[in-house]
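Have a look at the structure below before the remarks.
The values are calculated or read from the model by the stated rules, or taken from the named source; none is laboratory data. Predicted model only: the values in this text are computed from it and were never measured. Ideal geometry is used to build each Cβ from the backbone, glycine not excepted, and the neighbour counts take in all protein chains shown. Surface accessibility is based on the protein's heavy atoms, side chains included, excluding ligands, DNA and RNA. Shrake-Rupley method; radii C 1.70, N 1.55, O 1.52, S 1.80 Å.
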Amino acid sequence: MLEFDLTKQFGKRRTDFLLEVKAQLPTGKIIGIFGPSGAGKSSLLRLLSGLEKPDKGYLKINGEVWTDTTQRFFLKPQKRAVGYLFQAYSLFPNMTVAENLAFAAEKKIDLTQLEELLTVIQMTDKRDQYPGSLSGGEQQRVALARALVRRPALLLLDEPLTALDEAIRSSLQTYILALHERFQPTTLLVSHNRTELAKLCDWILEMKDGKVTATGTPDSLFGDTETIDFTADSFRVLTLTRNNGKLIVELVAGKQKVKIALNNSSWPNLKSGDQIKLTDTAFTLLNHKI
Amino acid sequence: MNYAPIILSFQLAFVTTLCLLIIGIPLAYWLSESRSPIKPILETIVSLPLVLPPTVIGFYLLLVFSPNSGIGYFLKNTLGIDFIFSFSGLVIGSIIYSLPFMVHPIQAGLRNLPENISEAAYVLGKSRWTTLRRVLLPNIKPALFTGVVLSFAHTVGEFGVVLMIGGNIPGQTRVASIAIYDQVEALNYGAAHQYALILLIISFVVLLLVYVINGHYFKKMGRAGI
């Protein structure tokens, strides 16, 4: 169990940010941290890693105390079994891929472990290259492997995929899953991409204005889009926009909003607030992969 | 021609640069990381020699180390060290005078490193000392090199502080810049010219080396992603 109740005031002015976070999370899982910018997601990771000291509170992982302000106890980041992947590439430019991984080891790196990590991230052929000659996606792959060298109990991923384009994101998500399956660290992944979180995470922690607002499975928090039955349910019209002869209708379906495009002429009197029902003669879904 | 002043100048520059490396690296590291309220005060003190006339620094050092002052009396009578009109006095003066030339490039180099790089090392269990030695310093080699060369060259070219605190004692405090002044005073323009030309050529070559090597270095480091 990863358990914390932490408070920290960032900055001293009245307008500055107060983080008050409390949660109990299952270990060994991938936990998504979701919320708008400025919600305190990265600050939470910094508190968990020990890069920031809390003003008040405690942090325990599998019964081991890392911080407890009532005991005046604070474990330095160096002493915590933490892996941290930053949004910006943080590989050491003076070291090759293999040297970056070897440097992360406590003493001398176990060569089998080095080979295993290089194989999982598919970088065996680039082991002697410097970070400057690697692409962004490759650098994050190495940084991810480096974060796992010390077999951390807690792996913190701070928007590691934000700076990458869609294709590389998707392949890195696969690497994250593969590495997680192999080493099973409790993983906290910050992202504001719902699809990414739904794909990777077992559990979601939602934050807003420095507080935890909800926790739950991705389904319970984001709704289940696959169960909308277009032919059986009726929907309320939220907004209407006309675009190139098409009528774009925004509908409320359960907890989700859905936009559908219809022929302009077929719905002459439709207005916001109307309740509508779709039948399969008027709306046919075709499967075309593009 | 008497080469002693030239040799003395380089001895002074060598010792000063070595001391400055030892003092400058931790100082620049602290300044680049610190959020302490006393940081601006320390930064100001480090930069003062850039704007103060060297004679002001020399004058105050003279007062501090004079046997009539508490510190000077203690140094001379208890420890047996006399900084006035001595080589060690020149070293102290030169360290203070060239401090910004060592600290500023290193501080700028550390500040320009990618964010998170030291934090990445900390969460990998590395101490601040290991992080500095293995991660930070190797990535600011051009800045270190610039600091070393500028401090060295600046010390060779120093005049006012040396004259105030060291005077003009042959073999002890008569460095090349003082020797030139001395020869001109004596209307020995030929000898003055010899010293001056040697200093000019050496300074030119040293600075040229900095630009050539650093230019090459930046290109190499550019490939390495810095």
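Return the total of residues in the stretch B:153-195 being of a type in the set (A, V, I, L, M) and assigned to a loop (DSSP other than H, G, I, E, B).
4
Among the numbered conditions (1) closer than 25 Å to A:Ala102 by Cα; (2) open to solvent by 40 Å² or more (accessible area, probe 1.4 Å); (3) away from every other protein chain (no Cβ under 14 Å), the only one that A:Thr217 does not meet is (1).
Every residue, every condition in (1) touching a helix residue (DSSP H, G or I) at 6+ places or on another chain (Cβ under 7 Å); (2) part of a loop (DSSP other than H, G, I, E, B); (3) polar (S, T, N, Q), yes or no:
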site: A:Glu3; (1), (2), (3): no, no, no
site: A:Lys22; (1), (2), (3): no, no, no
site: A:Gly32; (1), (2), (3): yes, no, no
site: A:Lys53; (1), (2), (3): no, yes, no
site: A:Gly57; (1), (2), (3): yes, no, no
site: A:Asn100; (1), (2), (3): yes, no, yes
site: A:Glu106; (1), (2), (3): no, yes, no
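Inspect all residues belonging to the stretch A:44-65 and state whether any of them is in contact with a Phe, Trp or Tyr (Cβ under 8 Å, 6 or more places away or on another chain), open to solvent by 10 Å² or more (accessible area, probe 1.4 Å), of a type in the set (S, T, N, Q) and within 14 Å of another protein chain (Cβ to nearest Cβ). No, the stretch A:44-65 contains no residue that is in contact with a Phe, Trp or Tyr (Cβ under 8 Å, 6 or more places away or on another chain), open to solvent by 10 Å² or more (accessible area, probe 1.4 Å), of a type in the set (S, T, N, Q) and within 14 Å of another protein chain (Cβ to nearest Cβ). What number of residues within the stretch A:109-133 are of a type in the set (Lys, Arg) and within 14 Å of another protein chain (Cβ to nearest Cβ)? Counting residues in the stretch A:109-133 that are of a type in the set (Lys, Arg) and within 14 Å of another protein chain (Cβ to nearest Cβ) gives 1. A:Ser170 falls short of the stated requirement of being over 30 Å from A:Met1 (Cα atoms), open to solvent by 40 Å² or more (accessible area, probe 1.4 Å) and not aromatic (Phe, Trp, Tyr).
Among the residues of the stretch B:160-181, the ones that are crowded, with 21+ Cβ neighbours inside 10 Å and on the phi > 0 side of the Ramachandran plot come to 0 in all. Filtering the stretch B:68-88 to residues that are open to solvent by 60 Å² or more (accessible area, probe 1.4 Å), in contact with a helix residue (DSSP H, G or I) (Cβ under 7 Å, 6 or more places away or on another chain) and free of Cβ contacts under 8 Å to residues at least 60 places away in the same chain leaves B:Ile71, B:Ile81.
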